[in-house]
Amino acid sequence: MTDTLDAPKTLADGAEDAPAYPIQRKCPYQMPPGYEGLREKGPISRVTLWNGRVAWLVTGNELGRKLFPDARLSSDVLDPNFPLLAPRIEAQRQQAAAPPLVGVDDPVHARQRRMVLPSFGVRQVNALRPVIQQYADDLLDKMLAGGPGRTVDLLTEYALPMPSAVICQLLGVPYEDHHYFDERSRHVLSSSGPEQAAQAQQAFTEILAYLDDLISRKQAEPGDTLLDELIARQLEDGKVDRNELAMIATVLLVSGHETTSNMIALSTMALLAHPEQMEALRADESLMPRAVDELMRYASIGDMLMRVAKEDIEVEGHVIKAGDGVILSTMLMNRDAQSFEKADDLDIFRPSGRHVAFGYGIHQCIGQNLARAEMEIALATLLRRVPSLRLAVPADQVPVNAPFVLQGVSELPVTW
Amino acid sequence: MRISIDTDRCIGSAQCAVSVPFVFEQDDDGFSTVIAGREDGAGHPMVREAVRACPVQAITLAETQEA
Ligand code: SF4
């Protein structure tokens, strides 16, 4: 065999050097073991998935920002070559319905995104800020009422119910029902353990059925929320069918829950581990928007974004062949030393860099304005009102989510 | 310098409107527009960064000749 220095390398060239992936995090907001080596091999290398398949791993920030918007990389989860990170996702795919927004390409994606986009704009989100503040205060009133010295789970007492209430309000889901889907949302995006594969599937189906039923109720008795608007402007005009609408609502509801709640929990942990930065934030809340971006970069909770190549793509001396699986690691992109100085340090004073924690390209998080507002308010309120907050267990005993789901913790015991 | 936004491409992520609210705003459909009268970026240093930050590269800068 000749050493083909010049010929572009394909997936098969060097497949023997493709470590198992994904890798479990030890600390919920730090790079898992093995990432250091992957980073050194950057900006693109190979990994082996659970089913033995080798896929590309993109770790370089600049390269990733070039590839994310490339229309030759598809998000179509129904493509038979789409790379899957765990057996349970295979099970989900058997259902043969692609999740709207996240699992489809343009033009379907663009049509769906345009439907819901106006509700997530800066102005609309800013109008919600007082409501978000109220939820934060009410939840802390309840949590603090038991007095100091108790141990509570910050995730279920604060970090989860807050975004849950907000997305319910925005969509028009009666908040009385939140227990029904709070728990089920967790199963869909964050549950750990192999035995929960079926549970994730069932939880999704149940939320879908709930929202389908809610659409019927709203058709009989219209209101003025996002869901009502979609029914009036899209469903009744025949621009979207009922099942698709229920699926869109499910995706928004589930993502609205899990992502922000995990970020609030991990941000709290990370700030507690950096008391001087926490104090700076407490002293000057105007630092919060930038701090939120830095915390997003640092924790990179939606680490693995999968794509499948529809055509050959030549990059950096490699050729991604049509049908190859491509995983973009937002954590490694966000910790690329060429783009971020001291990339592994949390530094809330860092100039808001080019992190890709909300993704990049056409699928960039549609709820990012809402998520930012929720994080800013949740963290500022927590710091202000609970100055003696601390973890109730050593940080390394906080249970971390499985590697193939949204990164986060399954509980966060705190005291004050 | 003249800023233009390809509205067919824009996905309404609002990155531009958040980072340079003096120049960019969102319309009622959630897409971005350049505030009237500020098509030249009003000398704002962050405009170039907004171009880079746009996730779909929908913002372009055309260098105009100085009169
Ligand atoms: S950053 Fe780009 S995609 Fe986002 S609103 Fe501005 S122009 Fe549109």
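The values are calculated or read from the model by the stated rules, or taken from the named source; none is laboratory data. Just so it is clear, the structure is predicted and the values come from calculations on it, not from any experiment. Heads up, the Cβs are rebuilt from the backbone with ideal geometry, glycines too, and the neighbour counts pull from every protein chain shown. These accessible areas exclude ligands, DNA and RNA; they are computed on the full protein's heavy atoms, side chains included. Shrake-Rupley method; radii C 1.70, N 1.55, O 1.52, S 1.80 Å.
Laid out as a table, the results:
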item	result
Number of the condition not met by residue B:23 [criteria: (1) more than 8 Å from the ligand (Cβ to nearest atom); (2) in contact with a helix residue (DSSP H, G or I) (Cβ under 8 Å, 6 or more places away or on another chain); (3) within 20 Å of residue A:62 (Cα to Cα)]	(3)
Residue list for the range B:21-67, filter: among the polar types (S, T, N, Q), under 27 Å from residue A:68 (Cα atoms) and in contact (Cβ under 8 Å) with a residue 24 or more places away in the chain	B:32, B:33, B:57, B:60
Restricting the range B:47-63 to residues that are open to solvent by 70 Å² or more (accessible area, probe 1.4 Å) and more than 9 Å from the ligand (Cβ to nearest atom), the residue that is farthest from the other protein chains (Cβ to nearest Cβ)	B:63
Segments classed as helices (runs of 4 or more DSSP H), wholly inside the range A:88-183, with at least 2 members that are buried (at least 20 other Cβ atoms within 10 Å of the Cβ) and within 14 Å of chain B (Cβ to nearest Cβ)	A:108-116, A:122-145
Single condition residue B:3 does not satisfy, out of (1) at pLDDT 90 or above; (2) within 12 Å of the ligand (Cβ to nearest atom); (3) out of contact with any strand residue (DSSP E or B) (no Cβ under 8 Å at 6 or more places or on another chain)	(3)
Test: residue B:18 is within 9 Å of the ligand (Cβ to nearest atom) and modelled with pLDDT under 90	yes
Scan of the range A:338-387 for residues that are open to solvent by 20 Å² or more (accessible area, probe 1.4 Å), more than 10 Å from chain B (Cβ to nearest Cβ) and of a type in the set (Ser, Thr, Tyr), ordered by number	A:339
Filtered residues of the range B:26-46 (kept if hydrophobic (A, V, I, L, M, F, W, C), touching a strand residue (DSSP E or B) at 6+ places or on another chain (Cβ under 7 Å) and more than 12 Å from the ligand (Cβ to nearest atom))	B:35
Residue under evaluation residue A:188, criteria (1) β-branched (Val, Ile, Thr); (2) open to solvent by less than 30 Å² (accessible area, probe 1.4 Å); (3) modelled with pLDDT of 95 or more, criterion not met	(3)
The one condition in (1) surrounded by 20 or more Cβ atoms within 10 Å (Cβ to Cβ); (2) within 10 Å of chain A (Cβ to nearest Cβ) that residue B:27 fails to fulfil	(1)
The range A:10-69: number of residues that are free of Cβ contacts under 8 Å to residues at least 40 places away in the same chain, open to solvent by 40 Å² or more (accessible area, probe 1.4 Å) and in a helix (DSSP H, G or I)	4
Hits in the range A:327-337 (condition: open to solvent by less than 40 Å² (accessible area, probe 1.4 Å) and assigned to a loop (DSSP other than H, G, I, E, B))	A:335, A:336
Residues (over 23 Å from residue A:102 (Cβ atoms) and of a type in the set (A, V, I, L, M)) located in the range A:289-328	A:291, A:315, A:319
Residue ID - farthest from residue B:60 (Cα to Cα), chosen from residues in the range B:1-18 that are within 14 Å of chain A (Cβ to nearest Cβ) and open to solvent by 50 Å² or more (accessible area, probe 1.4 Å)	B:18
Criterion: open to solvent by less than 10 Å² (accessible area, probe 1.4 Å), within 22 Å of residue A:99 (Cβ to Cβ) and charged (D, E, K, R) - qualifying residue of A:229, A:258, A:244	A:258
Residue within the range A:246-266 that is in contact with a strand residue (DSSP E or B) (Cβ under 6 Å, 6 or more places away or on another chain) and in a helix (DSSP H, G or I) present	yes
